[in-house]
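Encoded as structure tokens, the structure appears first; notes follow it.
Read-outs: derived from the displayed coordinates by stated rules, not from any lab. Keep in mind that what you see is a predicted model, and the values were worked out from it rather than measured. Glycine gets a Cβ as well: all are built from the backbone with ideal geometry, and neighbour counts include every protein chain shown.
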Amino acid sequence: MISLIISLAVLLVGYLVYSRVVEKVFAPDDRQTPAIAINDGVDCVPMKPWRAFLVQLLNIAGTGPIFGALMGACFGPVVFLWIVFGSILGGAVHDFMSGMISSRHGGSSIAELSGIYLGNAARWVMRIFSIVLLVLTGTVFVNSPAALIVTLFENMNSYVAPIFLDIKFWIVIILLYYVLATLLPIDKVIGKLYPVFGVILIVMAVSVLGGTLFGGYKIPELTLEDLHPQGLPIWPFMFITVACGAISGFHATQSPMVAKCITHEKQGRSIFYGAMIAEAVIALIWAAAGVAFYGTTQMLNDALTNLKQSGTVYEISKTMLGTVGSVLAVIGVVVCPITSGDTAFRSARLIVAEITGLDQKKIRNRLIITLPLLAVGAVLTQLDFNVLWRYFSWSNQTLAMISLWVATAYLVKTGTRKYGTLITALPATFMSAVSLTYILMASEGFRLSSSIAYPAGIVFAAVLFGVYVYAYHKVKKPLAA
């Protein structure tokens, strides 16, 4: 219990202290944001700061900090360290920089920002990579809530119509909702519903924390020992498994969407950095609850294998919190992932619109882009969830790596002092090692031994850091920020 409390306290201190360091490096000013300068009534729409914060939280959260944290907890309490320091030094910095740089470029996507600061080749790589990741994300956040809805109906004592036990039926319903949320102006559905669901997500996390602390469960204390029952090594597997909740490249596709809605640059610290810390708190609570509830990492892993992720969340919520827990599970793990899935497809629409130049004020043009994207997502729902999750997680961390290098290039090219640029260069270097090492070792990758993958990851990261140092000294005339 002490480790959990200290971890929560460090997250709070990280927000109060380190977020101000990051903000000072970026130096927000009084220039007009896209919500004011463009205000197209569809995507660039002014929002109140509290509403923008809750929308950002729902955009980035979903089931990521719940499912990922539970799977990460199979490595043991060492996952606490990754969630805490990964979010403070990496994830929150990543989200803040993605949103704020986008705001200074009219709400441009991370793909367009890559082109501006890393070159046209990077722009096309990121366009393709971002769209693939967003469609994978949307698909993951169709499967997981649909599976939980079926689980809930299966556990009802009364008669239930067979159609409600068919996961394909719920997948269709969710995809139909995605069509509306992707097409309609951001303030019509997302701006109105997300703040309500954001509050519910927070209440759910606090309730599970209370159930864990006061329900007689033993929360394990911090240890660096690898406790994964399948023998997976902490490096790099844990750093890929826990993406949302620590650092996630998916957020780089979401922050620009909210960057179109902030009305002042100084709102960025609380909205972008703050939402990531809030997500880390949620992940930390679920990681602790998973091991505490099942007692051992072996039993937690067995539950995830037999009940799947949705069933595990349902069992924990219902047992800890009774009927109230069941309701919270329905809302928190059904509604919340849907609110990340729809914004994933919305972001994909905006990136395709940037590529094609189709004016998004016209609903016809939005339909032309949206329907094919959702059709691909519908096909992908037929794949195994665990396979989708692994590719989603690796894509997440690779996109995070690239986004952090984009932010580093921005800081370098705008004349930020060297020590300031390290706030993004160091986590970018770390994630470079994580991303390459994982894909070299993983079963869905090249399946190489650690004796090859570990040195290769270190060399790759070192080379990129060397390029950064060279670029810093080469820049003579900084660009206007």
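Near Gln360: Cβ cut-off under 13 Å, other residues only, Lys/Arg at +1 and Asp/Glu at -1. The net charge is +3.
Placing unit charges on the Cβ atoms of the charged side chains and taking the dipole of segment 71-216 about its Cα centre, the candidate lying farthest along the positive direction among Thr212, Val196, Ile167 is Val196.
Using the Cβ-Cβ distance between Leu448 and Thr296 with R0 set to 45 Å, the FRET efficiency works out to roughly 0.90. For Trp82, what is the net charge nearby, where nearby means another residue's Cβ is under 15 Å from its Cβ and Lys, Arg count +1, Asp, Glu -1? Taking every Cβ under 15 Å from that of Trp82, the sum is -3. Distance between the pseudo-spin-label points of Ile368 and Leu479 (7 Å out from Cα toward the beta carbon): 2.9 nm. Taking 0.36 nm per residue of sequence separation and removing the Cα-Cα distance, the Val132/Gln32 pair yields an extension gain of 32.8 nm. In loop segments of segment 407-481 as defined by DSSP, the chymotrypsin sites (Phe, Trp or Tyr not before Pro) with at most 14 further C-beta atoms inside 10 Å of their C-beta are Phe446.
Each Lys and Arg Cβ is given +1 and each Asp and Glu Cβ -1; about its Cα centre, the chain then shows a dipole of about 1400 debye. Extents of segment 374-479, taken as max minus min of Cα coordinates on every principal axis and listed largest first, are 52, 40, 17 Å. For segment 352-481, a crude dipole built from +1 on the beta carbon of Lys and Arg and -1 on the beta carbon of Asp and Glu, taken about the Cα centre, is about 640 debye to the nearest 20.
Residue by residue, segment 273-278 carries 3J(HN,Hα) couplings of 5, x, 5, 5, 5, 4 Hz when phi is fed to the Karplus relation 6.51 cos²θ - 1.76 cosθ + 1.60 (θ = phi - 60°); x denotes Gly or Pro. Working value for segment 172-288: equivalent-ellipsoid semi-axes of 32, 18, 17 Å, each the square root of 5 times a Cα gyration tensor eigenvalue, largest first. Taking each of Lys260/Lys474; Lys168/Lys192; Lys192/Lys266; Lys168/Lys361; Lys266/Lys418 in turn, the alpha-carbon distance tops 30 angstrom for Lys260/Lys474; Lys168/Lys361. Sequence-distant contacts, meaning Cα pairs under 8 Å at least 6 residues apart, place the relative contact order of the chain at 30 percent. Counting only lysines at least 8 places from Lys318 when in the same chain, those with an alpha carbon closer than 17 Å to its own are Lys308. Only Cα pairs under 8 Å and 6+ residues apart enter the sum, and on that basis the relative contact order of segment 419-459 stands at 34 percent.
Is the C-alpha gyration tensor of segment 417-468 telling us rounded, prolate or oblate? Criteria: a/c under 1.5 is rounded; beyond that, a/b larger than b/c is prolate, otherwise oblate. Because a/c hits 1.5 or more and a/b exceeds b/c, segment 417-468 counts as prolate. At q = 0.10, 0.13 Å⁻¹, what log₁₀ I(q)/I(0) does a Debye calculation on the Cα points of the chain give, no solvent, two decimals? After summing over all Cα pairs, the log10 values are -0.69, -1.21.
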